[in-house]
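Please treat every number below as a calculation from the coordinates, not as lab data. Computed from a predicted structure; not experimentally measured. When we count neighbours, we look across all protein chains shown, and the Cβ atoms used for this are built from the backbone with ideal geometry, even at glycine.
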């Protein structure tokens, strides 16, 4: 134990601790040496700040380049996807207007073509916008008309006139929809059109004419 203690004492600087030794070293330097050290430290700090600024500028430049590339791709793809979805609209109309009993094979073929087109669009990030039964969202939906009704909450989407799509979570085209509004006094209810429909409480002759 005595031998180890002597070695520990021998390894310690004479007359005090590390900070005292550092102070003695600073005191032993000339003013010119201290000035050079301070200048070197200031230069190192300046270089470190320059490196950090260059790194930040490079990160900003890379983000700008990525946004520019995305914008160019979007500008090129939007017309193509829009034209393809217009073709899908025509296929949907053909399916709806065809009589399955007499045109079963034709309808099946059109559905297959539609599925192929939509699968291709889905791989590019295209998704259908949900509509019917949901609250109207002006960011996603375009209201074509409204129907007074007490059966649905005002602002509920009742029908979809044209399907809308998202592309990479951005609106490629909004859904065209019919929305519910609260009926006013004397206005038609229960989903009747707002205009062009007979008013409730009409005469018996009007009802007879309608029946005929």
- Note on the structure: Relative contact order as a percentage, the stretch 127-194, C-alpha pairs under 8 Å and 6+ apart, gives 41 percent
- Based only on Cα atoms, what Rg/Rh ratio does the stretch 127-194 have, Rh being taken as Kirkwood's radius? 1.05
- Item | Order of 97, 175, 146 under a 10 Å beta carbon neighbour criterion, fewest first | 97, 146, 175
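Name the shape class, rounded, prolate or oblate, that the alpha-carbon gyration tensor gives for the stretch 61-169, where a ≥ b ≥ c are the square roots of its eigenvalues, rounded holds for a/c under 1.5, and otherwise prolate holds if a/b is larger than b/c and oblate otherwise.
Numbers: a/c = 3.12, a/b = 1.22, b/c = 2.56.
It is oblate, given that a/c is not under 1.5 and a/b is not larger than b/c.
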